[in-house]
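Below is one structure, written out as structure tokens; the observations come after it.
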Amino acid sequence: MTRDELRAIPKVELHLHLDCSMSFASVNALDPSVTPERYRAEFLAPQKCVNLVDYFRYLAPALALLQSREALRVATIDLMRQLAEDGVIYAEIRFAPQLHRQTGLTTDDVVETVLAALVEGRKSYPVEARLILCQLRPDDAANGLELVRIAEKYRARGVGGVDLAGDETGYGLGEHIPVFARARDLGLNVTAHAGEAGGAEKVREVVEQLGVRRVGHGVRSIEDDAVIALLLEHDVHLEVCPSCNIQIDVFDRYENHPVGRLVRRGVSVGVNTDARGPTDLTLTQEYGRLQQVFGWDTARFRAANLAAIGRAFADDATKAAIRARLEA
Ligand SMILES: [Zn+2]
């Protein structure tokens, strides 16, 4: 398939971060002093970072910008533009609202602003989108319970669920177990980052102790047959983001990424960018790499997108409508 044919594939993207998806256009709109050269130097991470924590350093400039209602609005609408140009028809956009309160916005302000921007962006860019609110590994249970309260409050307006993100090697689950239990009690959807910087045992932890049936990354499950069996037993879907894993050096080269092996083991797998900003990536480029390196074809991409929409944090009618477009 050509680049245009790859772009035209209708796509479902369940794993991407708002604060990691600022294009030059949105950065420059908010701070006209940022040139393309400065954008590349400060907002994009090198092709190879030392590890996940090293990569996090490149998120700081975007976060520093995203501290006002206008900045959140501009970044959200620009992300919808990027998604539409990428052939994405359904997206779940995640972020940690507690990181956007440095100049006085409340968590409610932050979430309401992004939800309103999705509605506004939808008028120009036909992308069906939901939000996922991220608890971060270093956060405590009190922050998490407040996040769950906000997620429930805005559920009907487009908050799809709750995530756990951040440094999985430096922090355990202790504070987060009651948070996720509360979320599940309320019927909220949950997912968690695990099994990227950390090993297969981190995937087992979030499946068994947080009760998630979707895992962000989860690719290092391939290191332990018992964890693969656990994923199959509980029908856990992996939100796979290959290029990000290569960039933080979980795998040395694309050829050695386990996405193909996970599919062959029968694990439910979708394809995502994770970060369009620091990684300098589109989902179309990611599809191109999967086609080139692993021989993925139209049928395999469709299967991945159908797997993803089946596990989306949206109502059944929305999922059915998206599924019909994937199958058309
Ligand atoms: Zn992520």
key: All positions within the stretch 153-202 that are of a type in the set (Ser, Thr, Tyr) and closer than 17 Å to Arg220 by Cα   = Thr169, Thr191
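Taking the options Val203, Val207, Val212, Val111, name whichever one is of a type in the set (Val, Ile, Thr), farther than 23 Å from Asp225 by Cα and modelled with pLDDT of 95 or more. Give the derivation first.
Numbers: Val203 fails: farther than 23 Å from Asp225 by Cα; Val207 fails: farther than 23 Å from Asp225 by Cα; Val212 fails: farther than 23 Å from Asp225 by Cα.
None of the others qualify; the one that does is Val111.
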task = Can you tell me which residue within the stretch 4-45, out of those that are within 16 Å of the ligand (Cβ to nearest atom) and of a type in the set (Gly, Ala, Ser), is surrounded by the fewest Cβ atoms within 10 Å (Cβ to Cβ)?
result = Ala45
inquiry  = I need the full set of residues from the stretch 196-211 which are in contact (Cβ under 8 Å) with a residue 40 or more places away in the chain and surrounded by 24 or more Cβ atoms within 10 Å (Cβ to Cβ), in order please.
reply    = Glu196, Val206
query = Considering the stretch 33-91 alone, what residues qualify as being within 16 Å of the chain's Cα centre (by Cα) and at pLDDT below 95?
reply = Leu52, Tyr55, Phe56, Leu59
query = Just for the stretch 296-312: of the residues that are surrounded by 20 or more Cβ atoms within 10 Å (Cβ to Cβ) and part of a helix (DSSP H, G or I), which one is nearest to the chain's Cα centre (by Cα)?
reply = Ala308
inquiry  = I need the full set of residues from the stretch 185-211 which are more than 16 Å from the ligand (Cβ to nearest atom) and either over 19 Å from Gly310 (Cβ atoms) or of a type in the set (Val, Ile, Thr) (or both), in order please.
reply    = Asp185, Leu186, Gly199, Ala200, Glu201, Arg204, Glu205, Val207, Glu208, Gln209
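Are there any helices (runs of 4 or more DSSP H) wholly within the stretch 18-111 with 3 or more residues that are within 26 Å of Ile322 (Cβ to Cβ), and if so which?
Working: elements: 24-30, 52-56, 60-65, 69-85.
Ranges flagged: 69-85.
Among the residues in the stretch 51-67, are any under 21 Å from Tyr154 (Cα atoms) and surrounded by 15 or more Cβ atoms within 10 Å (Cβ to Cβ)? First the steps, then the outcome.
We begin by selecting, within the stretch 51-67, every residue under 21 Å from Tyr154 (Cα atoms); these are 66-67.
Within this subset, residues satisfying the condition of being surrounded by 15 or more Cβ atoms within 10 Å (Cβ to Cβ) are 66-67.
Yes, that holds for at least one residue.
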query = Name the residues in the stretch 313-322 that are outside any helix (DSSP H, G or I) and either in contact (Cβ under 8 Å) with a residue 12 or more places away in the chain or under 30 Å from Phe43 (Cα atoms) (or both), would you?
reply = Phe313, Ala314
query = Mind checking which residues of the stretch 157-180 are exposed (fewer than 15 other Cβ atoms within 10 Å of the Cβ) and more than 21 Å from His17 (Cα to Cα)?
reply = Gly172, Gly174, Pro178
query = What helices (runs of 4 or more DSSP H) completely inside the stretch 219-295 contain at least 2 residues that are under 19 Å from Arg7 (Cα atoms) and over 14 Å from the mean Cα position of the chain (by Cα)?
reply = 283-294
note = Checking Leu326, Leu283 in turn, the sole residue that is of a type outside the set (Ser, Thr, Tyr), at pLDDT 95 or above and touching a Ser or Thr at 6+ places or on another chain (Cβ under 6 Å) turns out to be Leu283
task = Pick out the one residue from Arg214, Arg264, Arg220 that is within 16 Å of the ligand (Cβ to nearest atom) and either without any contact (Cβ under 8 Å) to a residue 60 or more places away in the chain or small (Gly, Ala, Ser) (or both).
result = Arg220
inquiry  = Given the criteria among the β-branched types (Val, Ile, Thr), surrounded by 21 or more Cβ atoms within 10 Å (Cβ to Cβ) and either without any contact (Cβ under 8 Å) to a residue 60 or more places away in the chain or farther than 25 Å from Arg81 by Cβ (or both), does Val119 qualify?
reply    = no
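The values are calculated or read from the model by the stated rules, or taken from the named source; none is laboratory data. Quick caveat: nothing in here was measured; it's all calculated off a predicted structure. Positions of Cβ are backbone-derived with ideal geometry, glycine not excepted, and every protein chain shown enters the neighbour counts.
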